[in-house]
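Notes to accompany the following structure.
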Amino acid sequence: MKEKNNAGSREMSGIAAAKLETKQDLLALARELQAEGKKNKRRVVICGGTGCRANKSLELFQLFQKALKKRWLGPEIELKMSGCHGFCQRGPVVVVEPEEIFYQEVGRETPDQDIEDIINKTLLKGNYVERLLYRDPRTDEIIPIYHNIPFYARQQRIALRLNGKIDPFSITDYLASGGYQGLAKALEMNPEEIINVMSKSGLRGRGGGGFPTGQKWSFCRNAKGDMHYIICNADEGDPGAFMDRSIMEGNPHGVLEGMIIGAMAIARGKSPAGGYIYVRAEYPLAVQSIRKAIEDARNYGLLGENILGTEFSFEVKVKEGAGAFVCGEETALMKSLEGRRGMPRQRPPFPANQGLWEKPSNINNVETWVNVPEIILKGGEWYSAIGTEKSKGTKVFSLVGKVKNSGLVEVPMGIKLRDIIFEIGGGILGDKEFKAAQTGGPSGGCIPAEYLDLPMDYEHLAEVGSIMGSGGLVILDEDTCMVDLARYFLTFTQNESCGKCTPCRLGTRQMLTVLEDICQGKSQTGDIELLGEIGDTIKKASLCGLGQTAPNPALTTIHYFKKEYEEHVHQKKCSALVCKELVSYNIQSVRCVACHRCLWVCPNKAILGISLKAPEIDQARCDRCGTCLEICPARNKAVEKIPGAELKAAG
Amino acid sequence: MKGTSPAKIQKALTAVAQTLPAKRESLIPALQAVQEKLRWLPRPAMLGISKYLKIPESEVWGTASFYAQFRFSPVGKNILTVCRGTACHVRGSAGILSELEKEMGIQAGETTPDLKFSLEKIACLGSCALAPVMVVNAAIYGAMNPAKGKGLLDQLRRKSKSKKRAASKSKTRRAK
C-alpha cells in the first residue's frame, strides 16, 4: 500500500510541484518510482476492465479492501485495480504477485469465502486455492501460474504489454513500469530519425488499412500547413472486436505517449500541433481513463506547453463519437470531429495534405499508437525481427464466438489459425466441429476449415478473400448458418451505410433483400448469382472502404459454402437449424408421454391432441416459435427440430 | 405525451453555453450534453442549440439524425439494451431480442406507452468475450439467454411495482 499512498499524496499534494521540467527530472522520478515498486513484494491485482466489472469486480475490490483492513494487512499487501487482462470470459480475474498466481471467476458465487481463502491460504501461507485456479479444458490439468496458462503462454504481448499489470488511473504506476521512457528517448532524436525508426520497424496500420506507419508520418510531415493534426482513431465500430477498448482501459498512457512521439515526428520544428482522440461513446470506461491520463500527463508536464522544458507544445482533446460505424473511416471521422454528418469524401486529397479543417492530418488507430513508444525504446530492428517478411510485429486478435477460451490474444504475425483456435483458444465450445473463422468484421470474410493452417498475416488473409481488419476473429461451429451470418452482416452494413453514394446505399439494400428471401425460403433459382453480380458492382463503384468491402461476407460465404446456399434455395432447408422459416418441429410419438404441456403453451394453438395420446403439430398453423421444444421435459425430449420446410408444405 | 419541462431544457442549454465554445465543432458535444441531462432531445432543446451555435436548425437536425446515439422521443425509465455484435449474434442474441420484444409488446428502439421501459439494440458493446451481452440501466450482464433476459425484465417490473406501492402507502399514511 506504501507506493500507492506515496503516489496518491504526490498526485494530490503537489500537482504543480510534481511538474517535470526536464528530461532528467522524468528519468529521476521514474528511477525513484521503480525502486519503490520493487520494495513491495506482495500484491493482489484485481481486474477492473469492463468485462470483469460486469461480473462485479468493483464490489470484490471493496470487499477485499475491507477484509485486509480488518486483519491489519493493509500496509503489507498492496491491493491494485488493473485494466483488462483480455481473458474477460473468466472474470473477475485476480492475480497474486510476485508469483503471478492466476485466480479466475473470483467472487462469482461466494465472494466472502473466496476472499477469505485467498488471504488465509495464499497470502498468509503461500498455498493455492485450488477451486479458483484455471483448469485446462483439454487435459483437465490445473495450471496455477499466469504465464503457463496456454491462453497466455503462446502470446507475445507488446501492445498489451502493461494491460492487467498497471493501474490505468495512475500515472506513477505507468512511470514505474517504464512509461514515458520512449518519449524521453524521442526528445533526443530529430523528427526524421523518429520516422526512420518507424519505417524500419515495418509497423503497419492496425486499424484495418495496413498502411506503413512510417511512410504515413513522413507524408504528413512533408505536407505544407500552418497546423498539423494528430488523431487517434478509437472509434472501434467493428462488431466482435474490442482490443482498442481494452488498450484504452488498461494502458491509456501508452496511447498518449505514442501520440506525443508521433506529434514530435510530424510537426516538431514545422508548425504547431493539435491532437484529438475520437472514442466511441459506447465505451464509458475508456473515455474516463483516457481523460484522466490526459489530465495527469498535463500536470506532470508531459503534455501541453513546452513539454519537458523543450520548445515543443502539444495538446490533446477527447471527442466522443455518437454511434456511427462509418466514422471509423478517416475522412468521415474528420467530418464528425468538425461537427458535421460523418460522411466520407473522395480521396485525393489525402488527409496527410488536407484533413481536419483542411490542414495536414495524421490518423492512426489505438493499437498502432500504443506500439510506438516500445518501438522507439527498443528500436526498429527489434520490432521487425518479429512476424513475417511483409507483416512485421504482433497483432491483437479478439478471439470470440464458439471457442472455449475467448478473449484478447496478441500473437506474432504469421501464426497459424489452428494454433490460435486450438492451442490458445482451447478448441471449439462443446467439442463441436469447426466450421469457419470470420475475420475483419463486416468488411472481412469467412475462412473455412481447409485453411486452418493459414498463416495469419495481411497477405495470406487477402489471398483467401478475407482481410485482417482491426483483428476481429469470430469462430463459428457447425451450428452456425453461413447464409444467416451473411444476412447478419449485410443488415449491419446496410444500416450503417451513410447514404452518400448509390452503389452502397441501394446495393446493400438489394443484397439484403435477396439474402432475406433466401433465409425465409422465398428465393428463386438465380438468386445466388444475382448476389455475386450486385456484390461485384458495389465493390467496384463505392466511394469508401465501408461500401467497397460490404459485400465481402456474402461473397466469401458463397465462394466457400455454396452448397449451403444451394440447399437454402433449392431444397428450402437450413441444416444448421438457424433460419426459422426453413426448419420444422415434430413430436416423436415414441418418446412422448402425452403430458400435453406443449399443447397448452403453444401460442398459435397449432398442437392438437386428445388425452393419453401423443399430440401432433398442425404444420400449417405452426409459426416455429420453438415454445414446445422449450417446455418439453428434458427426460422425454419428444419435440425435435428438423431441417427443411417440407413438413409445413405437407401439413 | 409526458414531455420535458421548459425549465429543465433551459437549464441544460445554459450548461452547454457555459462549458462549450460557440463553434461548429461543439455541435455533437452539445447534443450529447443535452441528451445526457434530459435523456432525449426535445425539439426546443435543438432549437436552443441551433441559436447558440448559429447553425440552421435543419443542419442541427440533419447532423443529429445521422448518429445512432441521439433520441428524438422520450425514453423509458428503464432501458434494456441487447448487444447485436457478431459474437453475441452467433451465440444467440437474436433470440433474446425477440423474447423481450414479445414480452414487452414493443419493437427494438421503442418505448412502452407508460414510459417505464425502453428496448434498444446496440451494434457492439465490446464485451464480446461475455457474449451474449445485455445492458440494463448501464449495468452489463454477460452469458445471457432468453429466459435470463426475461428474468431481468421481471425483476425491474417488480421493482417499479413495489416502488409504486411504497409511494401510495406513504401517501395514505400522510392523508391519515
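FYI, it's all coordinate maths here, none of it is from the lab. In this text, all values refer to a predicted model and were calculated from it rather than measured experimentally. Glycine gets a Cβ as well: all are built from the backbone with ideal geometry, and neighbour counts include every protein chain shown.
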Quiz item: In whole angstrom, how far apart do the alpha carbon centroids of the range A:75-116 and the range A:531-548 sit?
Solution: 48 Å
Quiz item: Points 7 angstrom from Cα along the Cβ direction at A:Arg131 and A:Glu32: gap in nanometres?
Solution: 4.7 nm
Self-check item: Förster radius 41 Å - calculated FRET efficiency between A:Lys19 and B:Thr14, Cβ distance, rounded to 0.05
Solution: 0.75
Practice problem: Rank the residues A:His460, B:His89, A:His570 as a footprinting-exposure proxy: fewest other Cβ atoms within 10 Å of their Cβ go first. | Solution: A:His570, A:His460, B:His89
Exercise. Could you tally the net charge around A:Gly49, taking each other residue with its Cβ under 11 Å from the Cβ of A:Gly49, Lys/Arg +1 and Asp/Glu -1?
Key: +1
Quiz item: What share of the DSSP beta bridges in the protein assembly as shown is antiparallel, in percent to the nearest 5?
Solution: 55 percent
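Can you show me the helix-derived [θ] at 222 nm for chain A, built from DSSP H runs with n ≥ 4 at -39,500 (n - 2.57) apiece and divided by the number of residues, rounded to the nearest 500.
-11000 deg cm²/dmol
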Quiz item: Calculated FRET efficiency, A:Glu338 and B:Lys77, Cβ-Cβ r, R0 35 Å, to nearest 0.05?
Solution: 0.50
Quiz item: Using the count of nearby Cβ atoms within 10 Å as a rough guide to exposure, how do A:Val106, A:Val93 rank from fewest to most?
Solution: A:Val106, A:Val93
Quiz item: Rounded, prolate or oblate: which fits the range B:1-146 when a ≥ b ≥ c are the square roots of the eigenvalues of the alpha-carbon gyration tensor, with rounded for a/c under 1.5 and prolate only if a/b beats b/c?
Solution: prolate
Quiz item: Using helices alone, what [θ] at 222 nm do you get for chain B, with -39,500 (n - 2.57) per DSSP H run of 4 or more residues, divided over all residues and rounded to the nearest 500?
Solution: -17000 deg cm²/dmol
Quiz item: Roughly what would the spin-label model give for A:Thr310 and A:Asn586, points 7 Å off Cα along C-beta, in nm?
Solution: 7.4 nm
Self-check item: Charged-residue dipole, Cβ positions (Lys, Arg, Asp, Glu), the range A:41-153 about Cα centre, Debye nearest 20
Solution: 380 debye
Self-check item: Cβ-based net charge around B:Lys116, under 9 Å, with every Lys or Arg adding one and every Asp or Glu removing one
Solution: +1
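Hand me the GluC sites (Glu not before Pro) from the range A:417-454 located in a DSSP loop with no more than 16 other Cβ atoms within 10 Å, in residue order please. Kindly include the intermediate steps, with their values, before the conclusion.
Numbers: sites: A:Glu423, A:Glu433, A:Glu450; in loops: A:Glu433.
Listed in order of number, the matching sites are A:Glu433.
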Practice problem: State the extension gain, in nm to one decimal, for the chain segment bounded by A:Ser611 and A:Cys595, taking 0.36 nm per residue of separation less the distance between their alpha-carbons. | Solution: 4.9 nm
Exercise. Arrange the following residues from fewest to most other Cβ atoms within 10 Å of their Cβ: A:Asp235, A:Asp477, A:Asp25.
Key: A:Asp25, A:Asp477, A:Asp235
Practice problem: Distance between Cα centroids, the range A:200-241 to the range A:360-392: provide it in whole Å. | Solution: 11 Å
Quiz item: Leaving out same-chain residues fewer than 8 places away, which lysines sit with a Cα under 28 Å from that of A:Lys540?
Solution: A:Lys216, A:Lys335, A:Lys390, A:Lys500, A:Lys562, A:Lys563
Quiz item: Of all DSSP beta bridges located in the range B:78-175, what percent are antiparallel, nearest 5?
Solution: 55 percent
Practice problem: Hand me the chymotrypsin sites (Phe, Trp or Tyr not before Pro) from the range A:34-112 located in a DSSP loop with no more than 11 other Cβ atoms within 10 Å, in residue order please. | Solution: A:Trp72
Quiz item: In nm, what is the difference between 0.36 nm times the number of residues separating A:Phe211 and A:Asn148 and their Cα-Cα distance?
Solution: 19.2 nm
